[in-house]
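Okay, structure first, notes after.
The values are calculated or read from the model by the stated rules, or taken from the named source; none is laboratory data. Treat the numbers as computed from the prediction; the structure is a model and nothing was measured. Every residue, glycine as well, gets a Cβ built from its backbone with ideal geometry; the counts of neighbours run over all protein chains shown. Calculation scope for accessible area: heavy atoms of the full protein, side chains included, ligands and nucleic acids excluded. Shrake-Rupley method; radii C 1.70, N 1.55, O 1.52, S 1.80 Å.
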Amino acid sequence: MNDPKTIKVFCAEQQVETEHSIDIDGSGEIILSCTAEIGTEEEPMTCSRSLKFAKGTDAKALKKALAAHKAANEGQISVASIEAEKEKLIAELVPDEE
Amino acid sequence: MNKIINYIKANKLNLSLVGVMALFGSVIPHGALAFLPMIGLTATFEFNRDTGAATGSPAKGTTRSTAVTDVNWKNTDTFGTAYSAAPITAGNNSFDIWNFGKFSGSYNQILAGLFAHTATAFGTGLTLKGTPACTGDGDRLLYTTPAASANANLSVDMTSAISIASGVAVCFGATGPEATGKASSTTANPAYTNYLTTQLQTTTSAAPGDTATVTLTLQYNEN
């Protein structure tokens, strides 16, 4: 069986281009889902952030929409990433108790 | 088997008032909302919403509702319908919601608008799409009759809570969100933002039941 096809799409959650699976749902809408592996070895997880496009969107329109998507979402600073950065900084600044 | 989902019990449109009051040439540090007894400049703000078929030129909604305090994404465009009465089937999308801000009262200028999802995560299978950045008439979102099909014009992925500083630019102008004459600042009174349109898109992995209550923030400066 062939491996599912994927395309590189900018993931707003990961803030980089990642491989996205392609599907068409029962309504005919195109769904692109991020397949980036996140989480840990003990608790593996897939990003799964998805994008949807209306039924009938052809390849040309989809490429244009994906370019607009990247331009619109690149540079987002999530609350989660701010918190993670803060935790890291505190961990590096605050000495461990002896 | 389809899963039925209700969602967003009370998605709050929080008005994050980061008021920078420039008075007599002096600028009060960002983040402080100063009380100015002599002038008493205070803009009055409310969210409004357009629903119904697109009408007029530039197009706007047939119905304009005022004093909107929440956003409940649901399987209908009707403002008064409870979200519980119009749940979204997992795999489908909400009707897009055409909110906007309205300013009145006393002020000199409204400027530096930003719009973002700023608090609380959505669950698996939920994607919030929103209006692109608006810097003027050329890139303001034009009203279309709300529908549940995925709105390709909503290019911003608002699913993750982000810092308001990362929010999309909002523009302002007179007459209404649909009107031309939008810019990054306005002295018009009343004044309106561009449409702050959102749509909740779901996949079949979305869990049934209400979603978490999230916060969408509109931040602006006034002087």
From most to least accessible, 1.4 Å probe, no ligand or DNA/RNA atoms counted, B:Leu218, B:Leu114 line up as B:Leu114, B:Leu218
Listed residues A:Lys88, A:Lys60, A:Lys70; largest mean-square fluctuation, Gaussian network over chain A with Cα springs below 10 Å, found at A:Lys88
When every protein chain stays in place and a 1.4 Å probe is rolled, B:Phe115, B:Phe122 sorted by accessible area with the largest first are B:Phe122, B:Phe115
Measuring from the longest principal axis of the C-alpha atoms of chain A, the long axis of helix A:79-93 (C-alpha) lies at a number of degrees, nearest 10, equal to 30 degrees
With N residues in the protein assembly as shown, Rg(alpha-carbon) / (2.2 N^0.38 Å) equals 1.05
Expected field for A:Ile7, accessible surface area in Å² at 1.4 Å probe radius, rounded to 10, holds 60 Å²
Partner shielding of A:23-34, as the mean number of partner chain Cβ atoms within 10 Å, equals 3
Full extension between B:Ser163 and B:Thr124 adds, at 0.36 nm per residue less the Cα distance, a length in nm of 11.9 nm
1/(1 + (r/R0)^6) with r = Cβ-Cβ of B:Ala82 and A:Lys8, R0 = 51 Å, i.e. FRET efficiency to nearest 0.05, evaluates to 0.75
Heavy-atom accessible area of B:Asp77, protein chains in place, probe 1.4 angstrom, given in Å² to nearest 10, is 40 Å²
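Once you list every other residue whose beta carbon is under 14 Å from the beta carbon of B:Val168, what net charge do they have if Lys and Arg are +1 and Asp and Glu are -1?
Residues near B:Val168 contribute 0 overall.
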Of the listed links A:Lys55/B:Lys74; A:Lys63/B:Lys102; A:Lys5/A:Lys55; B:Lys60/B:Lys129; A:Lys52/B:Lys182; A:Lys5/B:Lys74, those spanning more than 26 angstrom between alpha carbons are A:Lys63/B:Lys102; A:Lys52/B:Lys182; A:Lys5/B:Lys74
Computed for B with A: buried accessible area summed over both chains, 1.4 Å probe, rounded to 100 Å², at 1600 Å²
Averaged over the residues of B:194-204, the number of partner chain Cβ atoms within 10 Å of each residue's own Cβ comes to 2
The answer for B:Asp210, listing residues at least 5 apart or on another chain whose modeled amide H is closer than 5 Å to its amide H, is B:Asn6
Among residues of the stretch A:70-87, a drop of 20 Å² or more in 1.4 Å probe accessible area, assembly relative to the chain on its own, occurs for A:Ala72, A:Asn73, A:Gln76, A:Ile77, A:Ser78, A:Val79
Taking only the alpha-carbon atoms of the stretch B:46-97, the convex hull volume per residue, in cubic angstrom, is 82 Å³
Under the 7 Å Cα-to-Cβ spin-label approximation, A:Ala59 and B:Thr62 lie apart by a distance in nanometres of 4.1 nm
Within 10 Å of the Cβ of an average residue in A:48-61, the count of other chain Cβ atoms is 4
log10 I(q)/I(0) for the stretch B:75-223, Debye formula on C-alpha points only (no solvent), q = 0.20 Å⁻¹, two decimals, reads -1.22
With chain A reduced to its Cα atoms and the Debye formula applied, log10 I(q)/I(0) at q = 0.12 1/Å amounts to -0.53
